[in-house]
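A short reminder: the numbers here are calculations on the coordinates, not readings from a lab. Since the model is a prediction, treat every value here as computed from it, not as a measurement. All Cβ positions, glycine included, derive from the backbone under ideal geometry; neighbour counts span all protein chains shown.
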C-alpha cells in the first residue's frame, strides 16, 4: 500500500481521503454512523403498509368467495326444491316458471301467479339455465 498526502492508493485504484467511510487522522471530519433506528422504523412502516395492502386484497377475495358460496348454496337449495317438485312437462331454458308450495310438496307450473288464483303458496318465479341449474327470477 502506498499512501500520499491527498490520495490513498489501494490495489491499483485510488480513493480520496475525504470519501472514505472512516477517518484517516484525528483532524478528519467526524464520521457519524447511520441511524439504524430511523432505518428500522422506515422498514417497519413499509412492511406494515404492504401487509395492510395484502390483507385488504385477500379479504376482498375472501368476501367474493363467500358470496359465491352463498349463491351456490341458494342454487343448490332451489335445485333440490325443483327436483322434489311435481310437474309433467319438460322445462325450456330461460323461460320463467312458477314454483308453488302446497302442504308438504312443491309444484312447478307454467301458469304464473298473476294468471290465476290458487290456494297454493307462490314461492316465486324460477328459470332453468343452460347449465341445467335453476335460478330465482324474483322472490315472492
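The ellipsoid equivalent to the alpha-carbon distribution of the range 43-140 has semi-axes of 43, 13, 11 angstrom, derived from the gyration tensor eigenvalues as √(5λ) and listed largest first. Projected label points at residue 60 and residue 103, each 7 Å from Cα along the beta carbon direction, are separated by 5.4 nanometres.
Under a plain spin-label model, where a point goes 7 Å from the Cα along Cα-to-Cβ, how far apart in nm are residue 93 and residue 51? That separation, rounded to one decimal, is 5.0 nm.
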